[in-house]
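> The structure follows.
The values are calculated or read from the model by the stated rules, or taken from the named source; none is laboratory data. All of these numbers come straight from a predicted model, not from anything done at the bench. Note: ideal-geometry Cβ built from the backbone for every residue, glycine included; neighbour counts use all protein chains shown. The area values use the complete protein model at the heavy-atom level, side chains included, leaving out ligands, DNA and RNA. Shrake-Rupley method; radii C 1.70, N 1.55, O 1.52, S 1.80 Å.
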Amino acid sequence: MSALQCVSTAAAFLVPALALVLQSGYSYGAALLAIGALASLHRWPRAKQDPGTWWLMASMLVMGVLWITLADPQESSGQWDRPAKFVLAAMCLLFATAYPPKAKAMYWGLIVGCIGAGAVAMWQVHIEGAPRASGFPTQRTNAIQWGNLALLLGVMLLMQAISLRKRFGLPGKLLAVVGVLAALDASVLSQSRGGWLALLAAIPLGLVLLYQIKPRALGKAVVGLLVLLAVVSAMNYRVLAQRMHLMEKEVVVYDTQRDGSSSVGQRLEHWRFAWDMTKERPLLGWGMGRYMAEKEARVAAGRYHPAIVEYKFVHNEVLDVLVKRGIVGLLALLAFYAIPIWLFWPTRERMARHADAQVRAEVLAVRLAGLSIPVLYIGFGLTQVFFAHNSGIMFYLFMTTLCWASLCGLERAAVSPGHVPQRAGAALP
């Protein structure tokens, strides 16, 4: 393994391992990738890339341009912060695919990250007495983003552990189970209800995928999933019951009184306001400045609840882009979700390339982990604008980059001498 591949492999471990246990923990691996890319500028730009890599890079750059148009003019130089991350990730993508990380590094990074997140959550809630788990006090991640990322880590680990189950003995399997349970527990203790909604939305897709890949395992998977959810629910029954009761109460209050002061009420009122404005400018939207000014004017006129004025974002990813940048902006966002789903989807034709069972299991593990990222982010985006937050942008960009680079590496390594290299994104569904 070359020195540059060691850099990308270390990043594949560090991004998930440190994501939720250090302040901006996901940034350490990202910074390492950036350093490797800058230090080898004379090498990786000449590397031959998979067509899928160019599609993925294009989606990143288009989103970077979109966030330039979504920036708040009052932020001054800060308005370039989000777009710069997309450009940086695009550069790191080309570097990582030229020197792909070893897939097993990400697997162990996920185990460490999940167990670490669970330990932090239990310490905060059960030892320190915090009302919600949100990472250490020095972290800048609030409970919603922290809990959602913990859930995503758990799902990614679960997908990999299921795919690689035959490679590990009982101790390895138990370690994976502990990691998944710890991550799910961290999500519950964060009380991030949007994450739970995302999981419920993703489960049917997961079952459809399993039926496509291995129909006979569907029954066992359903039983295992029910047991897993039952254990996590039993561990945190009181928290779950309280949060669900509060949500039901806030929905009823909003429906009957149009009270937007609660967490749920404010979201529902914001969605109503955003949809009303979208219908007036559906193609290009209002832009951030005019959106904020119009919100203040309409609230002052008594048309909407005052609770929505202090927020820049709509608490729904699709509606936020739609109201500010219209259908054109929405297409960019949908491509940012759809291209990774398209590239990672484990079609029968893609999986049939690999006759070796071990290689096929490794490829499936990376594909399912990579697929989990956009699928769950779509769910997270139902109740918040996840890409407005540093944690949401960085984790999506760099975990997707590392998953794709790992997959490219596996596909290349699986090609025997004398054969034409297979493309990781070929045989699209």
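> Where does the chain land on Rg(C-alpha)/(2.2 N^0.38 Å)? Mind showing how you got there, number by number?
Details: Rg = 21.7 Å, N = 429, 2.2 N^0.38 = 22.0 Å.
This ratio for the chain stands at 0.99.
> While we're here: Rounded to the nearest 10 Å², what accessible area does Ile213 show when all protein chains are kept and the probe is 1.4 Å?
Only protein atoms counted, so the area is about 60 Å².
> A further question on this structure: Per residue of the chain, what 222 nm ellipticity follows from adding -39500 (n - 2.57) for every DSSP H run with n ≥ 4, rounded to the nearest 500? Could the numbers behind the result be given before it?
Numbers: 16 runs with 302 residues, N = 429.
The per-residue figure over the chain is -24000 deg cm²/dmol.
> Let me ask you something else. Tell me which of Leu333, Leu322, Gln358 sits at the most positive position along the dipole axis of region 236-371, charges placed on C-beta atoms (Lys, Arg +1; Asp, Glu -1).
With unit charges placed on the Cβ atoms, the residue in question is Gln358.
> Could you give the length gained by full extension between Glu248 and Gln358, i.e. 0.36 nm per residue of separation minus their alpha carbon distance, to one decimal place?
Here the answer is 34.9 nm.
> Right, something else. Find which of Gln191, Leu407, Val264 sits farthest along the positive direction of the dipole of the chain, computed with +1 on the beta-carbon of Lys and Arg, -1 on that of Asp and Glu, about the Cα centre.
Value: Leu407.
> Now for a different question. Would you please classify the overall shape of region 121-216 from the alpha carbon gyration tensor, given that a ≥ b ≥ c denote the square roots of the eigenvalues, rounded means a/c under 1.5, and beyond that prolate means a/b larger than b/c while oblate covers the rest? Provide the component values of the computation, followed by the final result.
On the way: a/c = 3.11, a/b = 1.63, b/c = 1.91.
Taking the square roots of the gyration eigenvalues as a ≥ b ≥ c, region 121-216 is oblate.
> Using the Cα centre as the reference, give the magnitude of the dipole from point charges on the C-beta atoms of the chain (Lys, Arg: +1; Asp, Glu: -1; all else neutral), rounded to the nearest 20 debye. Let's see the in-between values first.
On the way: 39 positive and 22 negative charges, 240 e Å.
Roughly 1160 debye, rounded to the nearest 20.
> To continue, here is another question. Using a ≥ b ≥ c from the Cα gyration tensor of region 1-112 (square roots of the eigenvalues), is it rounded, prolate or oblate, where a/c under 1.5 gives rounded and otherwise the larger of a/b and b/c decides, a/b for prolate?
Working: a/c = 2.09, a/b = 1.31, b/c = 1.60.
Oblate shape, in that a/c is at least 1.5 and b/c is the bigger or equal ratio.
> Suppose R0 equals 25 Å. What FRET efficiency, 1/(1 + (r/R0)^6) with r the Cβ-Cβ distance, do Ile68 and Glu294 give to the nearest 0.05?
E(calc), rounded to 0.05, equals 0.75.
> If you don't mind, another one. Give the relative contact order (percent, whole number) for region 357-416; include only Cα pairs under 8 Å separated by 6+ residues. Could the numbers behind the result be given before it?
Working: 25 pairs, mean separation 31.2, N = 60.
So the answer I get is 52 percent.
> Accessible area per residue for the chain in Å², computed with a 1.4 Å probe and the full protein assembly in place, what is it? Please report the intermediate quantities before stating the final value.
Details: 18860 Å² over 429 residues.
Ligands and nucleic acids excluded, the result is 44 Å² per residue.
> What are the ³J(HN,Hα) couplings of region 39-47, residue after residue, when phi is run through the Karplus curve with 6.51, -1.76, 1.60 and θ = phi - 60°? Round to Hz, x for glycine and proline.
6, 10, 4, 7, 10, 5, x, 8, 5
> Another question, if that's okay. Taking Cα atoms, how many degrees apart are the long axis of helix 357-380 and the longest axis of the chain, rounded to 10 and kept between 0 and 90?
The angle comes out at about 10 degrees.
> Determine which lysines satisfy two conditions relative to Lys279: a Cα distance under 16 Å, and not lying fewer than 8 residues away in the same chain.
Lys295, Lys324
> Hey, another quick one. Let me make sure I get this right: for region 74-160, a, b and c are the square roots of the gyration tensor eigenvalues over alpha carbons, sorted descending. Under 1.5 in a/c it's rounded, otherwise prolate if a/b > b/c, else oblate. Which is it? It would help to have the intermediate numbers written out before the result.
On the way: a/c = 3.08, a/b = 1.21, b/c = 2.56.
It comes out oblate by the Cα gyration axes.
> Output the 0 to 90 degree angle, nearest 10, between the alpha-carbon long axis of helix 288-300 and the longest principal axis computed from the alpha carbons of the chain.
It is inclined by approximately 30 degrees.
> Determine, from the Cβ-Cβ distance of Ser233 and Trp55 and an R0 of 56 Å, the FRET efficiency 1/(1 + (r/R0)^6), rounded to the nearest 0.05. Please report the intermediate quantities before stating the final value.
Working: r = 40 Å, r/R0 = 0.71.
FRET efficiency, Ser233 to Trp55: 0.90.
> If you don't mind, there's one more thing I want to ask. Relative contact order for region 217-349 using alpha-carbon pairs under 8 Å, separation at least 6, rounded to a whole percent? Please list the in-between numbers first.
Details: 105 pairs, mean separation 29.9, N = 133.
The value is 23 percent.
> Counting pairs of alpha carbon atoms under 8 Å apart in space and at least six apart in sequence, what relative contact order in percent does the chain give? Before the final figure, lay out each step's value.
Numbers: 660 pairs, mean separation 94.5, N = 429.
Result for the chain is 22 percent.
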